[in-house]
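The values are calculated or read from the model by the stated rules, or taken from the named source; none is laboratory data. Because the structure is predicted, anything quoted here is derived from the model rather than measured. Glycine also receives a Cβ, built like all others from the backbone with ideal geometry; neighbour counts cover every protein chain displayed.
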Amino acid sequence: MEGVAANLDQHRVAAANLDSVCVGTVRYGPVKSAWFLGMLTGALVGGAITFTWSAFAASLVATAAVPDRSPPSTRVARLRAETP
């Protein structure tokens, strides 16, 4: 693989060889797994304890109000795909 997209220059996951992203091995990390499990548990328990329908509705409204920030080329392609 040649070249790197400009927005990937400062990405938190860096590899010396771009092929290592596609050709390599997956290793289990027990500490990272425990961290993610702890975060998931906290989110589920905290969400269940503090859930309200009004907060859920506010979240939906706020999400709908966020403008589409995808690149123009993506929006045009999506519009073309949706047009019969």
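Considering only residues that are among the hydroxyl-bearing types (Ser, Thr, Tyr) and either surrounded by 10 or more Cβ atoms within 10 Å (Cβ to Cβ) or modelled with pLDDT under 75 (or both), which ones fall in the stretch 58-79?
Once the filter is applied, which keeps residues that are among the hydroxyl-bearing types (Ser, Thr, Tyr) and either surrounded by 10 or more Cβ atoms within 10 Å (Cβ to Cβ) or modelled with pLDDT under 75 (or both), the stretch 58-79 yields Ser59, Ser70, Ser73, Thr74.
For the stretch 12-21, does any single residue satisfy the condition of being at pLDDT below 70, in a loop (DSSP other than H, G, I, E, B) and charged (D, E, K, R)?
Scanning the stretch 12-21, I find at least one residue that is at pLDDT below 70, in a loop (DSSP other than H, G, I, E, B) and charged (D, E, K, R), so the answer is yes.
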